């Protein structure tokens, strides 16, 4: 996949900005707060139908604005053109997504069509943060490679909310008959998610191992372990997972009434990262965390490339500011070998001596506008 | 206020309060009413009031009706051994349009949804159970294929099965006349799960 061009209107601080992108490397240069990341955010909107930063669509509108629009032409590996347009109208609170002029009815159907991998400072929560951050990472990768997963996950979330409502209304009293059908739903939809995550993590393991070999000099062995709230084996069938969930639900019945919330299911899953058998969260250095994250993202790239049959777009948001020059150069040369990449950075130093042409372009961004000439010499 | 007439403004507000009507459409409708002949407006408003005065819920199946029991429940031509359970009166119309179902209906008045405060006692479930005594052989559950509809199906199935009545649910699958390649994955997955032997 390649993004040929993009046209942003009233998007964050971009009043009207047009980009004609290079086919391989695109560098968005500029000082802090000028709108570099906003441009990347717009690109992520095209691929994921939402922002990777903001949760609400309205927050990416220009201040005091009433709408925003992103228009773009994307080109598949096989050369098929996709004219994509996203608009949001704040008065009607409606988002519209069209591909080649046709309205997209289900936004979830777009996810995975234009695969994207994003590496941004916020991602550090994947290795540092809570289990929810790791689940979110895993879910986004699976979502882009399996559409039924997205819908199943949305429905599961609703089931948990409905079930929690019963538990909180019960105020500790028995509600067995009322909750029984919701248990069955929780098990059906939840076991599908656990099964999919289980399968994904075992398939993803060789990718992360290979990436580590490619980017790390020292011999470090990474491992990703799935630790769901129920005990399962890497090859457990859906029926076995469902049975394990049913057992655990029965066991946790009183606890659930006491805490008034659903305690069993994939929304309680943990995913454990480790290096040489040591938990990353508890024992790794800052540098190891960063390397692990980069490896995860590069592994994600290769995984999606194979699963989607399409080269993902790689967005790197301000990644060099946290790495030393050696690591930065290494990451850059690796990223450049992948596919079309988009990089935001405050300093051009790392690209010193690079040629700029149709393949490699740089854009100077100042106050939400693209300047052709360097703003500061 | 944009308009010089308070009454027009009031009418726009009334239209806009209806579902799926926005402010612009409301404005257009209000202007249209202004141009309508008086007798048509009177007829229209009378129909609105008649709907409130005459239309009731059938005390047997809880479909909307003007005579109680409703024409379907009262009909001697219908198969009284099969009851199709649906969520809303609209669903009765949808099934009737097929002309393929000759049994009776039971309108639940919604689906289980704790978030909206709807539990079993808010649906016409007890009323459904009392109908089982009259020689009913099959209950078809035709609820919406969403989380709430599915849960309600499971709930009713559990309730009905011990009562020696055949309980079925409508199949989930692909829309007729569409192409397999364009079916969304979730629908196709369910269709595969619900495959039948030939």
_Within the range A:1-55, strands (runs of 3 or more DSSP E) holding 2 or more residues that are closer than 29 Å to residue A:136 by Cα_ = A:2-11, A:25-29
*Output the residues belonging to the range A:179-204 that are free of Cβ contacts under 8 Å to residues at least 24 places away in the same chain and either within 9 Å of chain B (Cβ to nearest Cβ) or buried (at least 17 other Cβ atoms within 10 Å of the Cβ) (or both).*
A:179, A:180, A:181, A:182, A:184
*Pull up the range B:176-198, narrow it to residues that are within 14 Å of another protein chain (Cβ to nearest Cβ) and in contact with a helix residue (DSSP H, G or I) (Cβ under 8 Å, 6 or more places away or on another chain), then point me to the one that is surrounded by the most Cβ atoms within 10 Å (Cβ to Cβ).*
B:186
*Go through the range B:117-128 and give me each residue that's facing chain A (nearest Cβ under 8 Å) and in contact (Cβ under 8 Å) with a residue 24 or more places away in the chain.*
B:120
*Hey, among B:190, B:126, which residue is in a helix (DSSP H, G or I) and more than 27 Å from residue A:108 (Cα to Cα)?*
B:126
*Restricting attention to the range B:129-147, and to residues there that are part of a loop (DSSP other than H, G, I, E, B) and more than 18 Å from the chain's Cα centre (by Cα), which single residue is nearest to the other protein chains (Cβ to nearest Cβ)?*
B:132
*Does the range A:50-75 hold any residues that are under 12 Å from the mean Cα position of the chain (by Cα) and at pLDDT 80 or above, and which are they?*
A:50
_Please pick out the residue among A:150, A:104, A:117 that is in contact with a helix residue (DSSP H, G or I) (Cβ under 6 Å, 6 or more places away or on another chain) and either more than 12 Å from chain B (Cβ to nearest Cβ) or surrounded by fewer than 21 Cβ atoms within 10 Å (Cβ to Cβ) (or both)._
A:117
*Within the range A:164-174, identify whether any single residue is crowded, with 21+ Cβ neighbours inside 10 Å and either part of a helix (DSSP H, G or I) or in the same structural domain as residue A:76 (by TED's automatic domain parsing) (or both), and answer yes or no.*
yes
_Would you confirm, using the coordinates I've provided, whether residue A:299 is outside the structural domain of residue A:75 (by TED's automatic domain parsing), under 22 Å from residue A:286 (Cα atoms), at pLDDT 85 or above and in a helix (DSSP H, G or I)?_
yes
*Only one residue in B:85, B:42 is at pLDDT 95 or above and surrounded by fewer than 14 Cβ atoms within 10 Å (Cβ to Cβ), so which one is that?*
B:42
*When you look at residue A:224, is it surrounded by 19 or more Cβ atoms within 10 Å (Cβ to Cβ) and in a helix (DSSP H, G or I), yes or no?*
no
*Please work out which one of (1) within 12 Å of chain B (Cβ to nearest Cβ); (2) at pLDDT below 95; (3) crowded, with 17+ Cβ neighbours inside 10 Å is the condition residue A:160 fails and give its number.*
(2)
*Could you list, in sequence order, all residues of the range A:168-178 that are more than 9 Å from chain B (Cβ to nearest Cβ) and either within 14 Å of residue A:253 (Cβ to Cβ) or in contact with a helix residue (DSSP H, G or I) (Cβ under 8 Å, 6 or more places away or on another chain) (or both)?*
A:170, A:172, A:173, A:174, A:175, A:176
*Residue check: is residue B:148 touching a strand residue (DSSP E or B) at 6+ places or on another chain (Cβ under 7 Å) and over 20 Å from residue B:61 (Cβ atoms)?*
yes
*Considering only the range B:100-118, how many residues are part of a loop (DSSP other than H, G, I, E, B), in contact with a helix residue (DSSP H, G or I) (Cβ under 7 Å, 6 or more places away or on another chain) and more than 11 Å from residue B:152 (Cβ to Cβ)?*
1
*Are there any pairs with C-beta distances below 9 angstrom linking a residue in the range A:236-252 that is part of a helix (DSSP H, G or I) to a residue that is surrounded by fewer than 17 Cβ atoms within 10 Å (Cβ to Cβ), with the two at least 6 apart or on different chains, and if so which?*
A:240/A:233; A:244/A:231; A:248/A:231
*asked:* Among the residues in the range B:91-101, are any surrounded by fewer than 18 Cβ atoms within 10 Å (Cβ to Cβ), farther than 30 Å from residue B:186 by Cβ and away from every other protein chain (no Cβ under 14 Å)?
replied: no
*If we scan the range A:322-339, do we find a residue that is touching a residue at least 60 places away in the same chain (Cβ under 8 Å), assigned to a loop (DSSP other than H, G, I, E, B) and closer than 20 Å to residue A:23 by Cα?*
yes
*Could you check how many residues of the range A:64-95 are without any contact (Cβ under 8 Å) to a residue 24 or more places away in the chain, away from every other protein chain (no Cβ under 14 Å) and part of a loop (DSSP other than H, G, I, E, B)?*
4
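The values are calculated or read from the model by the stated rules, or taken from the named source; none is laboratory data. As the structure is a computational prediction, the values presented were derived from the model and not from experiment. With ideal geometry, Cβ positions are generated from the backbone for all residues, glycine too; neighbour counts draw on all protein chains shown.
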